[in-house]
Amino acid sequence: MRGIWRSALILLVCALALPAAKTLDMWAIDTEGGKALLMVSPSGQSMLIDTGFPGFNDRDTTRILEACEAAGVKKLDILVTTHYDLDHVGNTPSLLSRISASMFVDHGPPVDQNPRSLATVKAYEELANKGRRVTAKPGGKIPFGDVDVLVVMSATEPLKTPVKGGGAANPACAGVERMTWPRGNEDNSENGNSVGLLFTYGRFRMLDLGDLTWNRELELMCPNNPIGTVDLFMVSHHGHNISNSPALVNAIRAKVAIMDNGAKKMGMPSTMKLLRSAPGMQALYLLHWSANAPDDNPPDAYIANLQDSPDGKWIKVSAEKSGAFTVTNGRTGESKTFK
């Protein structure tokens, strides 16, 4: 019996001596309906997807830098710009005056020829061209340590070759009609040109399509689903209902979705209802309580910034190679692990 206890003690000491399993960590930062997603690979590389809004007394720069400090990030190895709308790229000059970036990824030339938009793009390009600038191409990879980052959409072009586990016929396409646009063609907007990325770390998979529009989603997902299923879905277009088609949302069977909406920006009722009823969905997290869908918000425990409360709280995700991942609400500090 003494030998058994001695062996058990040795095993316990060895277990305690082992280093903690490394995780893929991400911070969905509150930019009030813009976008900024900070990611740190298990081997320590950093990536920021979009930089949020300019102005507001450098609000979004401050919040991104707070997340960088929490993550131990001193410089950005990669800055991905999904598209050139103001709420995604407009804050880049302010941010890069405070922290450097080495590699820049975007969809290439702008499609919006509005003078104000072009001025925003010019400011971005002046900075990007000083570093290593890469145009995202479907099927291409972004080097990010031990995390596989696959470009599945860019400049309206979808992924042609399915990933492992993808390529089957997509029954979620049935009955989903293409949208018609009453004004300008949204599919040819900057939103429709968004860079879309699939992240894979061991058995964990996360999909982020920027602000990709409904019909571009259909071009990616129908008639066959090249992506297969994912664990985490970063909700497209801040929860707008001209994105997030059933052909996408129901096909990927995400366990968790995170929406980077603002208090009064997007977070639309139909999108909320679709996400919460999607196959496999266990939890929908919001960066803000949505005034646009007052009857469809999830419970407060799943919302980072409540109605009439101080803003700026993030949602953090830590993913393990096993596929398990933990979501933490920055407002409450409460965490929930999804196996």
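The values are calculated or read from the model by the stated rules, or taken from the named source; none is laboratory data. Note that this is a predicted model, so its numbers are computed, not measured. Every residue, glycine among them, receives a Cβ derived from its backbone with ideal geometry; neighbour counts consider all protein chains shown.
In the stretch 75-86, how many residues are surrounded by 19 or more Cβ atoms within 10 Å (Cβ to Cβ) and in a loop (DSSP other than H, G, I, E, B)? First the steps, then the outcome.
The initial filter retains those residues of the stretch 75-86 that are surrounded by 19 or more Cβ atoms within 10 Å (Cβ to Cβ), namely 76-85.
Narrowing further to those that are in a loop (DSSP other than H, G, I, E, B): 81-85.
The number of residues fulfilling the criteria is 5.
Among the residues making up the stretch 87-120, those that are farther than 24 Å from Gln45 by Cβ and outside any helix (DSSP H, G or I) are Gly90, Pro109, Pro110, Val111, Asp112, Gln113, Asn114. For the stretch 264-318, the set of residues classified as of a type in the set (Ser, Thr, Tyr), part of a loop (DSSP other than H, G, I, E, B) and at pLDDT 95 or above consists of Ser290 only. For the stretch 277-321, the tally of residues that are without any contact (Cβ under 8 Å) to a residue 40 or more places away in the chain and among the β-branched types (Val, Ile, Thr) stands at 1.
Would you point out the residue of the stretch 302-318, among those that are closer than 19 Å to Trp27 by Cα and more than 20 Å from the chain's Cα centre (by Cα), that is surrounded by the fewest Cβ atoms within 10 Å (Cβ to Cβ)? Before you say what the answer is, go through the steps one by one.
First, pick out the residues of the stretch 302-318 that are closer than 19 Å to Trp27 by Cα: 302-306, 310-318.
Narrowing the set further to residues that are more than 20 Å from the chain's Cα centre (by Cα) leaves 306, 310.
On the way: Leu306: 16, Pro310: 8.
Per the criteria, the residue is Pro310.
Condition check for Leu286 on (1) surrounded by 23 or more Cβ atoms within 10 Å (Cβ to Cβ); (2) out of contact with any Phe, Trp or Tyr (no Cβ under 9 Å at 6 or more places or on another chain): one failure, at (2).
A quick yes/no check of all residues on (1) of a type in the set (A, V, I, L, M, F, W, C); (2) under 30 Å from Thr332 (Cβ atoms):
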{"residue": "Pro226", "(1), (2)": "no, no"}
{"residue": "Thr229", "(1), (2)": "no, yes"}
{"residue": "Asn241", "(1), (2)": "no, yes"}
{"residue": "Ala251", "(1), (2)": "yes, no"}
{"residue": "Ile258", "(1), (2)": "yes, yes"}
{"residue": "Leu275", "(1), (2)": "yes, yes"}
{"residue": "Gln282", "(1), (2)": "no, yes"}
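If the condition is being of a type outside the set (Asp, Glu), in a loop (DSSP other than H, G, I, E, B) and loosely packed, with under 15 Cβ neighbours inside 10 Å, then the stretch 163-180 contributes Lys164, Gly165, Gly167, Ala174, Gly175, Arg178, Thr180. Here Ser97 fulfils each of the conditions (1) in contact (Cβ under 8 Å) with a residue 40 or more places away in the chain; (2) over 23 Å from Met266 (Cα atoms); (3) of a type outside the set (A, V, I, L, M, F, W, C) apart from (1).
When the residues of the stretch 130-157 are filtered to those that are farther than 24 Å from Gly202 by Cα, in contact (Cβ under 8 Å) with a residue 40 or more places away in the chain and of a type outside the set (A, V, I, L, M, F, W, C), which remaining residue is surrounded by the most Cβ atoms within 10 Å (Cβ to Cβ)?
Applying the first criterion (farther than 24 Å from Gly202 by Cα) to the stretch 130-157 yields 130-135, 154-157.
Those still in the list that are in contact (Cβ under 8 Å) with a residue 40 or more places away in the chain too: 154-156.
From what is left, the residues that are of a type outside the set (A, V, I, L, M, F, W, C) are 154, 156.
Details: Ser154: 26, Thr156: 18.
Only one residue fits best here, namely Ser154.
Could you tell me whether Leu209 is crowded, with 24+ Cβ neighbours inside 10 Å and either within 19 Å of the chain's Cα centre (by Cα) or aromatic (Phe, Trp, Tyr) (or both)? Spelling it out, Leu209 is indeed crowded, with 24+ Cβ neighbours inside 10 Å and either within 19 Å of the chain's Cα centre (by Cα) or aromatic (Phe, Trp, Tyr) (or both).
Tell me yes or no: at least one residue of the stretch 222-234 is out of contact with any strand residue (DSSP E or B) (no Cβ under 9 Å at 6 or more places or on another chain) and not in a loop (DSSP other than H, G, I, E, B). Within the stretch 222-234 (the criterion being out of contact with any strand residue (DSSP E or B) (no Cβ under 9 Å at 6 or more places or on another chain) and not in a loop (DSSP other than H, G, I, E, B)), the answer is no, since none of the residues qualifies. Among the conditions (1) closer than 23 Å to Phe204 by Cα; (2) of a type in the set (Asp, Glu); (3) surrounded by 16 or more Cβ atoms within 10 Å (Cβ to Cβ), Glu125 misses just one, which is (1). In the stretch 60-73, is there at least one residue being out of contact with any Pro (no Cβ under 9 Å at 6 or more places or on another chain), free of Cβ contacts under 8 Å to residues at least 40 places away in the same chain and at positive phi? Checked against the condition, which is being out of contact with any Pro (no Cβ under 9 Å at 6 or more places or on another chain), free of Cβ contacts under 8 Å to residues at least 40 places away in the same chain and at positive phi, the stretch 60-73 yields at least one hit.
Name the residue that is surrounded by the fewest Cβ atoms within 10 Å (Cβ to Cβ), counting only residues in the stretch 182-206 that are part of a loop (DSSP other than H, G, I, E, B) and in contact (Cβ under 8 Å) with a residue 12 or more places away in the chain. Give the steps one after another, and end with the answer.
Start the filter on the stretch 182-206 by keeping residues that are part of a loop (DSSP other than H, G, I, E, B), which leaves 182-185, 189-190, 194-195, 202-203.
Adding the requirement that they be in contact (Cβ under 8 Å) with a residue 12 or more places away in the chain leaves 189-190, 194-195, 202-203.
On the way: Ser189: 18, Glu190: 23, Ser194: 30, Val195: 28, Gly202: 16, Arg203: 12.
The extreme case among them is Arg203.
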